[in-house]
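The values are calculated or read from the model by the stated rules, or taken from the named source; none is laboratory data. No experiment lies behind these values; they were computed from the predicted model shown. Glycine also receives a Cβ, built like all others from the backbone with ideal geometry; neighbour counts cover every protein chain displayed.
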Amino acid sequence: MSVQAQITRISADRDTIRTKMVNLGLSSSSDNLDALATAVAGIANQGSPAAEIREGDTYTIQPGYYQGGTVTGVAGGGSYELQEKEATPTTAVQVVTPDTGKYGLSKVTVNAIPEQYKDISGVTAGAGDVLSGKTIVTEDGTVAGTMANNGAVNETLSISNPSYNVPAGYHNGSGVVAIVAEEKSVTPTESEQVINASTGKVISKVTVAPIPDQYADVSGVTATEDTVLAGSSFVNADGETVEGTIETKAKITATITGLGVVEGDTYYDVAAGYYPEAGRVSLTADIENALALI
């Protein structure tokens, strides 16, 4: 083995010895091998001590190395009566000690957690999750509920009150928010009609009657007053009632003479109007005048 290898090995052994001696409080972390050897040489070999002590006595443990041993308490010189005790768990720490005049405790029995105490590690409810007037127990202790108890809330919706804001809190399921419906009917008129619900109600159905018989679709009317007999009226396309202007005429009976010899005798003017009866215009020939024209 080379000199360097020997130095490395010795340094490692020194470090191992020094670490142990420092843990035992017998050297410092900067001690070299010589200091460590001196400290080891100073450790006394105390062997395997055996001692008996009585109440009130002390036994001084000398520094050094011990191979084991026994220190025993023996009767005599006082009471060595031991005591059994029990304790029931509470919310506060309990320290169990022997009573005055007792040497010590031979047994302490810790009773089970009292029945009224339960495991609450699974509790997640808080004050806002519990009805007002009720309490729960959490890890922080007893907590009073703050949730409002609204019981049964009833509301009727209408046109003036079309919605209901449900208040936060508990509802027992007996409340009802309802709509009072009604049906109505209306007959068309010439004016616009607004059908309103009665107070406190809403309309579920409106029945609109047919247009009354006296009304008809006049969009196809093309007649004007000069195409309708006087004394008769009609409704035009604008919905206006208009009276006709065509006059009723008497039956025509007339004679045309002259065959053009006399001016005006060659035609007959038929006046505008309505002729309820068929008439006749006759021609009377004037032979002499007709020959004169030849």
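Points to keep in mind about this one:
- Residue tally, condition of a type in the set (Ser, Thr, Tyr) and either under 26 Å from GLN67 (Cβ atoms) or in contact with a strand residue (DSSP E or B) (Cβ under 9 Å, 6 or more places away or on another chain) (or both), over the range 5-55: 5
- Answer from THR58, THR91 - the residue that is at pLDDT 85 or above, in a loop (DSSP other than H, G, I, E, B) and not aromatic (Phe, Trp, Tyr): THR91
- Being at pLDDT 95 or above, out of contact with any Phe, Trp or Tyr (no Cβ under 9 Å at 6 or more places or on another chain) and not in a loop (DSSP other than H, G, I, E, B) holds for only one residue in SER185, SER204, and it is SER185.
- Residue within the range 114-131 that is of a type in the set (Ser, Thr, Tyr), surrounded by 13 or more Cβ atoms within 10 Å (Cβ to Cβ), assigned to a loop (DSSP other than H, G, I, E, B) and outside the structural domain of GLU84 (by TED's automatic domain parsing) present: no
Residue-by-condition table, conditions (1) within 47 Å of the chain's Cα centre (by Cα); (2) more than 30 Å from GLU240 (Cβ to Cβ):
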position	(1), (2)
SER185	yes, no
GLU190	no, no
ILE195	yes, no
SER198	yes, yes
SER219	no, no
THR224	no, no
